[in-house]
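Read the structure below first, then the notes.
The numbers here are math on the coordinates, done by the rules we state, and not lab data. No experiment lies behind these values; they were computed from the predicted model shown. Heads up, the Cβs are rebuilt from the backbone with ideal geometry, glycines too, and the neighbour counts pull from every protein chain shown.
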Amino acid sequence: MLIKGRIRVTTDDGIRELVAPAVLVCRPGTKRAVFSLEDSVTVTVHRTDKTDIAELEAELCEDDPTSAYGPGNVLKSLEQIP
């Protein structure tokens, strides 16, 4: 959901420009690239039956070994970053 602003986003049909308010529905496994054209606010919603935060992060977050941050926006230690 685009709450505020203007973005360009990749879709199955090419690149679309969205202006708030807007909703883009994605099927499970879909990957998108988003470029903000102005200050923007977005919200993503994921369906799950889990209620434990650690289980949710394990299900919904894909670890990026090169990122300085892990799930929960927690700063990794220097030893964890290649």
When Arg47, Arg6, Arg32 are ranked with the fewest other C-beta atoms within 10 Å first, the list becomes Arg47, Arg32, Arg6
Beyond 14 Å, the calculated P(r) of the chain holds a percent of Cα-Cα pairs equal to 71 percent
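Please identify every one of the GluC sites (Glu not before Pro) in segment 1-69 that sits in a loop by DSSP and has no more than 11 other beta carbons within 10 Å of its own beta carbon.
For GluC sites (Glu not before Pro) across segment 1-69 that sit outside H, G, I, E and B with at most 11 neighbouring Cβ atoms in 10 Å, the list reads Glu38, Glu62.
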Most exposed first, judged by fewest Cβ atoms within 10 angstrom, Thr42, Thr10, Thr48 run Thr48, Thr10, Thr42
Once normalised by the length of the chain, the mean sequence separation of its alpha carbon contacts under 8 Å that are 6 or more apart gives a contact order in percent of 26 percent
At 20 °C and 1.002 mPa s, the Stokes-Einstein diffusion coefficient in µm²/s for segment 2-42, with hydrodynamic radius from the Kirkwood sum on alpha carbon pairs, is 205 µm²/s
Label model pair Ala54, Leu75: point-to-point distance (7 angstrom along the Cα→beta-carbon line) in nm is 2.4 nm
